[in-house]
1. Search the range 116-145 for residues being at pLDDT 95 or above, part of a loop (DSSP other than H, G, I, E, B) and crowded, with 21+ Cβ neighbours inside 10 Å, and hand back the single one that is farthest from the ligand (Cβ to nearest atom).
2. Look at E514 and say whether it is surrounded by fewer than 21 Cβ atoms within 10 Å (Cβ to Cβ), acidic (D, E) and closer than 20 Å to G251 by Cα.
3. Quick check on the range 256-281: of everything there that is among the hydrophobic types (A, V, I, L, M, F, W, C) and not in a strand (DSSP E or B), which residue is nearest to K97 (Cα to Cα)?
4. Can you pull out the residues in the range 98-115 that are more than 8 Å from the ligand (Cβ to nearest atom), of a type in the set (G, A, S) and assigned to a loop (DSSP other than H, G, I, E, B)?
5. If a residue must be closer than 19 Å to L239 by Cβ and not basic (K, R), how many such residues does the range 525-540 contain?
6. Can you report the number of residues in the range 498-545 which are over 20 Å from the mean Cα position of the chain (by Cα), within 16 Å of the ligand (Cβ to nearest atom) and of a type in the set (G, A, S)?
7. Look at the range 198-229 and say how many of its residues are in contact (Cβ under 8 Å) with a residue 60 or more places away in the chain and either hydrophobic (A, V, I, L, M, F, W, C) or away from the ligand (no atom under 16 Å from the Cβ) (or both).
8. Could you say whether any residue in the range 488-497 is away from the ligand (no atom under 14 Å from the Cβ) and either touching a Lys or Arg at 6+ places or on another chain (Cβ under 9 Å) or among the aromatic types (F, W, Y) (or both)?
Amino acid sequence: MGMDLKEELSKIIIGEVSDDATALDRKARDASIFEVRPTVIVAPRDVEDVQNLVRYVAAHKGDGLSITPRAAGTDMTGGAIGESIVMEMTPHFNQIKEVGEGDAVTEPGVFYRDFEKATLAKNLLLPPYPASREICTVGGMVANNSGGEKSLRYGKTEHFVAGLKVVLRDGKEYTFAPLSRLQLDLKMAQNDFEGEIYRSVYNVVEKNYDLVKRAKPDVTKNSAGYNLWSVWDRETFDLSKLFVGSQGTLGVITEIRFRLVKPETHSKLLVMFLRDFGKLAEIANAVIAFKPESFESYDDNTLKIVLRYFGDLAKQMGGKNIFQLAWAFLPEAFMVFTGGMPKLVLLAEVTGASEEEVDAKLAQAQKAIAPFQIRSRVTKTEDEARKYWVMRRESFNLLRKRVKKLCTVPFIDDFCVRPADLPKFLPELYAILNQYDLLFTVAGHVGDGNFHIIPLMDLADPKTKPIIEELAQKVYTLVFKYGGSMTGEHNDGLIRGPYLKQMFGAEVFALFKEIKRIFDPDGIFNPGKKVDASSVYAMAHIKKD
Ligand SMILES: Cc1cc2nc3c(=O)[nH]c(=O)nc-3n(C[C@H](O)[C@H](O)[C@H](O)COP(=O)(O)OP(=O)(O)OC[C@H]3O[C@@H](n4cnc5c(N)ncnc54)[C@H](O)[C@@H]3O)c2cc1C
């Protein structure tokens with residue numbers, strides 16, 4: 001390009017524009033296995049900045065310019081990195097505009113932890129927060145359609161988005177929310193860009209109504225593809241549903257209206273220690289019958305790795321509460337040394353309006369699992385419960401700070417199958433994994449059949465890349481055989497985009513392509529992700545260490 005991009009953008013943007021080498025290096029990564037260095041980083045100060053930037057890029061599309069929105073950069077798929085302009089939302093789009101009686105309006109760059117403080121002050125909660133709750137933003141949650149420990153009961157982020165403001169490729173900001181048939185007809189009658197968008201999407205979802213409805217993966221959680229099946233039910237038409245989980249590939253989200261819930265006041269954990277996977281599905285079903293608020297798990301490797309690298313990990317935690325933490329882990333350390341290590345630890349959180357209600361539910365749940373003769377315990381204090389949550393929530397975050405030469409390599413990190421299929425599915429999965437000499441951890445959302453397998457590998461070793469490609473293909477083929485989703489919550493990005501056609505079939509994939517074409521025919525929004533992903537590109541951009 002003949003011009004200095006930074007200089008050009010500085011003329012049209014009030015917010016910061018940077019091409020400082022250190023900054024570019026930093027934004028070349030997210031929490032995925034990839035590295036893609038941007039040309040420029042822009043931090044738009046307001047909606048007008050976003051609009052000016054989109055207009056500029058749209059006008060210079062021939063120069064290969066594009067915009068990759070980025071919030072906290074904790075994406076595990078390569079979704080938050082791109083070659084051209086990375087648009088950072090955290091510096092200025094960080095205002096919570098209003099917390100109402102049952103909803104809230106916020107900018108997308110607000111960190112979940114800050115958002116939660118504001119909602120809890122009004123005794124309200126946005127329940128689909130991810131395990132990365134301390135380090136991610138609400139905008140990233142929307143763009144990835146994130147889920148977490150409370151999704152079993154409440155569903156994912158898609159269920160809590162009541163409306164969105166989005167800047168589209170014409171550089172204008174639009175509001176998307178549920179419309180009645182009459183409102184939809186009025187929109188479609190508009191002789192402008194918005195009217196065209198409504199007519200085009202309506203055509204896709206109405207002409208292919210049955211195909212689209214059938215395409216919805218038959219699992220409780222899915223972040224793959226575009227949420228086409230949620231747009232239109234022949235009564236309500238809601239384009240905001242399409243942006244949830246779209247990873248910034250259709251436009252830039254500038255404002256979010258969330259629906260919120262009143263959190264339960266009392267909770268306790270039922271902790272179960274399983275020696276093998278044999279009865280997992282039966283136990284899971286017995287526990288699910290008592291409607292736990294969360295039903296999570298982690299495996300022996302998670303526990304071993306947390307303990308083995310405790311020194312490293314404690315240091316990475318900045319010396320915070322090390323002794324307390326070490327003390328709390330003593331019983332687990334004892335289990336390791338005495339060979340009494342469980343294969344899987346299950347955590348079921350039971351909630352209610354009073355302690356009596358919680359205790360009553362727990363007593364019933366314990367009775368229901370009694371026939372399986374597994375060890376179990378109920379946490380007595382909040383501190384004790386916190387220890388289990390730390391292991392579940394933080395293990396990946398701690399591990400990704402790299403352990404010795406190995407680093408976390410998420411590429412089969414988020415599949416979702418029906419819980420009823422677990423007894424057959426898991427042994428087949430382990431048979432595949434055991435073909436490789438891999439160190440990996442398994443944690444996940446048992447109640448949803450959604451598991452996170454995170455191998456620890458040496459990316460400098462030339463043998464690593466081929467394993468990633470081969471193993472991903474094998475695992476996803478198995479997941480698809482069971483009618484599952486390759487991603488329950490982390491989304492597609494660079495890593496899983498190439499498998500979308502295999503997962504959904506050519507017909508539905510063509511509809512996804514059509515959606516991308518309607519909103520972004522020139523590929524200016526987060527190019528090379530989702531339907532435009534290529535495994536050749538992905539493999540060429542795996543980070544070196
Ligand atoms: C330790 C750890 C644990 C995790 N646990 C979970 C988990 O339990 N559940 C889960 O779902 N995920 C999990 N993740 C993945 C990730 O944290 C979540 O998906 C999170 O919601 C991403 O938020 P972010 O602010 O970091 O977004 P980013 O990573 O910055 O961006 C995510 C995607 O959203 C797009 N985007 C961001 N802002 C906008 C915008 N304004 N408009 C349009 N597009 C935008 C980006 O282009 C990118 O594709 C985990 C990650 C880590 C590192």
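The values are calculated or read from the model by the stated rules, or taken from the named source; none is laboratory data. Model, not experiment: these values are computed from the prediction. Here the Cβ is made from the backbone with ideal geometry for all residues, glycine too, and neighbour counts use every protein chain on show.
1. Per the criteria, the residue is L124.
2. Yes; evaluated as a whole, the condition is true for this residue.
3. L260
4. Within the range 98-115, G100, G102 meet the criteria.
5. The total comes to 3.
6. Qualifying residue count for the region: 1.
7. Result for the range 198-229: 11.
8. no
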